[in-house]
Amino acid sequence: MHVTGAAARPRAQQNLVIASYNIHRAQGLDGRVDVGRIADVLAEVGADAVGLQEVFEDQVEAIAGALGMRAIMAATARRAGGPYGNAVLSRLHIQGTSTFDLSFRTREPRGGLRVDLGVGAATLHLFNVHLGLTPRERADQVLRLVGEHVLGAWVAGPRVVIGDLNEWFPGAVGRTLRREFHGPRIRRTHPSPMPLFALDRIYWDRHLQVEGFHVHRSRLARVASDHLPVVALLRVPGMSGRPRGVDGSAGTP
């Protein structure tokens, strides 16, 4: 696990914006690898915390630097481009982090990242995951995700699960997560020019107030990756006024 990035000025807002984005190694549909383009898409989204999947460690550092956010990297493999896996970028105070393995037998290594975020008087537990390609693999992974991590005794605050769940059609992942969480009607995110499949999801505790949920469909997002970002606007109990920045200071209007 690697932490990088500088403290950012938090946004003057009442809602907490959470996003999930599979950046496909920053390779766009035009075949060009362009980390700056990914950062521009995330600047359009304006999230307080975002989970990334399919990202190299040096790309995480570049994106975090461009956005002035703090980054937590959780590598699941080492490839020619370096450590590779999942990451969380945040403008909020990071209270703690934990990585966990979700690999299934001899399939491609998979993992998850939990980041504990300070939101006013509350702690929000954000779980970022990238599940496997086969139904049997995903069914095993979601049971481990929920039973061993989401329901862990150390998880005391509200929880949000985000990521690329790779569930092309309704199946065990959605059913399992909906037993524990609320989620909107799923939105199609892949392939980005004309989405057919709802691979990218956000689920949240039922007592969280949800102000909105959408897929970010800008012209730039349609070419920057083969996935589109999903975005949720949440209000966390105990959250008074605006979210706090990674340096613990409140933003100014």
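The values are calculated or read from the model by the stated rules, or taken from the named source; none is laboratory data. Bear in mind that the values here come from a model prediction, so they are computed numbers and not experimental data. So basically every Cβ, Gly included, is an ideal-geometry build from the backbone, and we count neighbours across all protein chains shown. In case anyone asks, the SASA skips ligands and DNA or RNA and just uses the protein heavy atoms, side chains included. Shrake-Rupley method; radii C 1.70, N 1.55, O 1.52, S 1.80 Å.
This table checks each residue for (1) under 20 Å from Gly152 (Cβ atoms); (2) open to solvent by 30 Å² or more (accessible area, probe 1.4 Å); (3) among the hydrophobic types (A, V, I, L, M, F, W, C); (4) assigned to a loop (DSSP other than H, G, I, E, B).
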position	(1), (2), (3), (4)
Ala62	no, yes, yes, no
Tyr84	no, no, no, no
Thr97	yes, yes, no, no
Thr106	no, yes, no, yes
Leu113	yes, no, yes, no
Asp116	yes, no, no, no
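With respect to Thr76, is the statement that it is part of a strand (DSSP E or B) and touching a Pro at 6+ places or on another chain (Cβ under 6 Å) true?
Working: part of a strand (DSSP E or B): yes; touching a Pro at 6+ places or on another chain (Cβ under 6 Å): yes.
Here the answer is yes, as Thr76 does meet what is asked.
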Selection from region 151-166 of residues that are closer than 17 Å to Asp140 by Cα, in a loop (DSSP other than H, G, I, E, B) and touching a strand residue (DSSP E or B) at 6+ places or on another chain (Cβ under 8 Å) = Leu165, Asn166
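Would you check if there is a residue in region 177-195 being among the hydroxyl-bearing types (Ser, Thr, Tyr) and either in a strand (DSSP E or B) or under 24 Å from Phe104 (Cα atoms) (or both)?
Restricting attention to region 177-195, the residues satisfying the condition of being among the hydroxyl-bearing types (Ser, Thr, Tyr) are 189, 192.
Filter once more, so that each one left must be either in a strand (DSSP E or B) or under 24 Å from Phe104 (Cα atoms) (or both): none.
No - not one qualifying residue is present in region 177-195.
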Can you tell me which residue in region 118-132 is nearest to Ala74 (Cα to Cα), limited to those that are open to solvent by less than 20 Å² (accessible area, probe 1.4 Å) and among the β-branched types (Val, Ile, Thr)?
-> Val129
Every residue from region 209-228 that is within 14 Å of Val45 (Cα to Cα) and either open to solvent by 40 Å² or more (accessible area, probe 1.4 Å) or of a type in the set (Phe, Trp, Tyr) (or both) | Phe213, His214, Arg217, Arg219, Leu220, Arg222
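I'd like to check something: does region 155-176 contain any residue that is aromatic (Phe, Trp, Tyr), modelled with pLDDT of 85 or more and open to solvent by less than 10 Å² (accessible area, probe 1.4 Å)? Steps first, answer last, please.
To start, the set of residues in region 155-176 that are aromatic (Phe, Trp, Tyr) comprises 168-169.
From what's left, modelled with pLDDT of 85 or more: 168-169.
Still in the running and open to solvent by less than 10 Å² (accessible area, probe 1.4 Å): none.
Checked region 155-176: no residue is aromatic (Phe, Trp, Tyr), modelled with pLDDT of 85 or more and open to solvent by less than 10 Å² (accessible area, probe 1.4 Å).
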Within region 86-95, track down each residue that is out of contact with any helix residue (DSSP H, G or I) (no Cβ under 6 Å at 6 or more places or on another chain) and either of a type in the set (Phe, Trp, Tyr) or surrounded by 22 or more Cβ atoms within 10 Å (Cβ to Cβ) (or both).
-> Asn86, Val88, Ser90, Arg91, Leu92
